[in-house]
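Scroll down for the structure; my scribbles are underneath it.
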Amino acid sequence: MSQAPHAALFELLDIAGEDAVECASLLDRAPSGHVLEALELLQERLGTFPADSISPDRIWPGQPVESVWIEALLRFAPRVHAYHLELGISTDVSAATLADVGLQLRINRRVHGHFGLDTWSWLTLHMAGNLFRLGRLQFHLIRSRRDDGPGGNVAYASDWILGVHIPEDGGLSPALVDASFNEARWFFPHYFPDKPATVATCESWMLDPYLVARLPDSNIASFARRFTLDRCTDAPTDAVYFTFRQRGLGNLDKLPRETSLQRIVLERIDDGGTWQLGHGHLAL
């Protein structure tokens, strides 16, 4: 099956190899009614600055929808790219943002051993046009909600905030992180001057104080210390998934303990502890 008709799209989304073959097979057929419904949902959200991804249960409950959403994301990506360019955003930033599709396909293959996209819901955020990758980090421009503040019930002073996300494909050296934040401080006032964000937030197992205490000299700890920690919530499986790319807490004894991070993640669980999601903020 030829990938040539889709070469430009696959380059934009950083899709290659077996994933490109599978994606081409989806695009070479007429879109189903479910795909058309998904495209309508994506179009409704574009440019509306949603904070949440599309829920897996929103449509076709109980039905296998993964392939529907893969196809919809592929078909909608050119519209998002055009939207970026209409705003004056560079092709490079748009491509870096949308390349998360290819990255998530590769992660899925690594986790499950086959083509698929169990993180499709996460990628619907990219398709709304308010999430961008700027250097090492991703920034999600959204309205501040009342439960975003310290303690979970106090609004930040800023009406708009930048949610910070950490793609897996690289380190977290202070220089790289500084460069990303510096770019964000220019990017968002330039392209979205009517939505001034003065606060950035992050929700991640990397902000768990336990991890910072156990690896105080690490780049992860350096990143976490940038944020004022507002609260923590239990997230028992996050550390395992993002460290080992394994869903669930089964067969932990078979996972490698070669690095300090791997050992810390597993030893805490061995000792009966629970990993948490740290919710933090910093002033831009």
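Looking only at segment 1-43, which residues are touching a Cys at 6+ places or on another chain (Cβ under 9 Å), of a type in the set (A, V, I, L, M, F, W, C) and in a loop (DSSP other than H, G, I, E, B)?
So in segment 1-43, the residues touching a Cys at 6+ places or on another chain (Cβ under 9 Å) come out as 3, 6, 9-10, 13, 15.
Filter once more, so that each one left must be of a type in the set (A, V, I, L, M, F, W, C): 9-10, 13, 15.
The answer is ILE15, and nothing else.
Please determine whether any residue of segment 170-178 is of a type in the set (Val, Ile, Thr), under 18 Å from the mean Cα position of the chain (by Cα) and assigned to a helix (DSSP H, G or I). Show your work before the answer.
Let us first name the residues in segment 170-178 that are of a type in the set (Val, Ile, Thr), namely 177.
Narrowing the set further to residues that are under 18 Å from the mean Cα position of the chain (by Cα) leaves 177.
From the residues that got through so far, the ones that are assigned to a helix (DSSP H, G or I) too are 177.
There is at least one residue in segment 170-178 that is of a type in the set (Val, Ile, Thr), under 18 Å from the mean Cα position of the chain (by Cα) and assigned to a helix (DSSP H, G or I).
Take the residues of segment 158-179 that are within 19 Å of TRP122 (Cβ to Cβ) and either aromatic (Phe, Trp, Tyr) or at pLDDT 95 or above (or both): which is surrounded by the most Cβ atoms within 10 Å (Cβ to Cβ)?
The selected residue is LEU162.
Being at pLDDT 95 or above and on the phi > 0 side of the Ramachandran plot is the requirement here; does PHE49 meet it?
On the way: at pLDDT 95 or above: yes; on the phi > 0 side of the Ramachandran plot: yes.
Yes: the conditions hold for PHE49.
Take THR233 and tell me if it is in contact (Cβ under 8 Å) with a residue 60 or more places away in the chain, loosely packed, with under 15 Cβ neighbours inside 10 Å and within 24 Å of the chain's Cα centre (by Cα).
Here the answer is no, as THR233 does not meet what is asked.
Confirm whether ALA77 is in contact (Cβ under 8 Å) with a residue 60 or more places away in the chain, on the phi < 0 side of the Ramachandran plot and in contact with an Asp or Glu (Cβ under 8 Å, 6 or more places away or on another chain). Don't jump to the end; show me each part of the working.
Working: in contact (Cβ under 8 Å) with a residue 60 or more places away in the chain: yes; on the phi < 0 side of the Ramachandran plot: yes; in contact with an Asp or Glu (Cβ under 8 Å, 6 or more places away or on another chain): no.
Against the criterion (in contact (Cβ under 8 Å) with a residue 60 or more places away in the chain, on the phi < 0 side of the Ramachandran plot and in contact with an Asp or Glu (Cβ under 8 Å, 6 or more places away or on another chain)), ALA77 does not qualify.
Only one of these conditions is not met by THR91: (1) surrounded by fewer than 13 Cβ atoms within 10 Å (Cβ to Cβ); (2) touching a His at 6+ places or on another chain (Cβ under 6 Å). Which number is it?
THR91 satisfies every listed condition except (2).
Quick one: which strands (runs of 3 or more DSSP E) lie wholly within segment 189-284 and hold at least 2 residues that are among the β-branched types (Val, Ile, Thr)?
197-204, 228-234
Do we have any residue at all in segment 186-204 that's touching a His at 6+ places or on another chain (Cβ under 9 Å) and among the charged types (D, E, K, R)?
Yes.
Would you point out the residue of segment 236-263, among those that are among the basic types (Lys, Arg) and without any contact (Cβ under 8 Å) to a residue 40 or more places away in the chain, that is surrounded by the fewest Cβ atoms within 10 Å (Cβ to Cβ)?
LYS254
Listed residues LEU73, LEU41, LEU36; which is within 17 Å of ASP118 (Cβ to Cβ) and not basic (Lys, Arg)?
Just a single option satisfies the conditions, and that option is LEU73.
I'm told PRO150 meets every condition in (1) modelled with pLDDT under 95; (2) buried (at least 21 other Cβ atoms within 10 Å of the Cβ); (3) more than 21 Å from ARG45 (Cβ to Cβ) except one. Can you identify the failing condition by its number?
(2)
Condition first: among the aliphatic types (A, V, I, L, M) and surrounded by fewer than 18 Cβ atoms within 10 Å (Cβ to Cβ). Now tell me which residues in segment 108-119 satisfy that. Before you say what the answer is, go through the steps one by one.
First, pick out the residues of segment 108-119 that are among the aliphatic types (A, V, I, L, M): 111, 117.
Answer for segment 108-119, where residues must be among the aliphatic types (A, V, I, L, M) and surrounded by fewer than 18 Cβ atoms within 10 Å (Cβ to Cβ): just VAL111.
Which one is nearest to GLU267 (Cα to Cα) among residues in segment 214-230 that are more than 20 Å from the chain's Cα centre (by Cα) and among the basic types (Lys, Arg)?
Within segment 214-230, the match that is nearest to GLU267 (Cα to Cα) is ARG214.
Determine, yes or no, whether GLN63 is within 23 Å of HIS114 (Cα to Cα), surrounded by 15 or more Cβ atoms within 10 Å (Cβ to Cβ), modelled with pLDDT under 95 and not β-branched (Val, Ile, Thr). Full working, then the answer.
Working: within 23 Å of HIS114 (Cα to Cα): yes; surrounded by 15 or more Cβ atoms within 10 Å (Cβ to Cβ): no; modelled with pLDDT under 95: yes; not β-branched (Val, Ile, Thr): yes.
So GLN63 fails the test.
The values are calculated or read from the model by the stated rules, or taken from the named source; none is laboratory data. Fair warning: this is a prediction, and the values are worked out from it, not measured in the lab. Because the Cβ atoms are built from the backbone with ideal geometry, glycine has one as well, and the counts that use them run over all protein chains shown.
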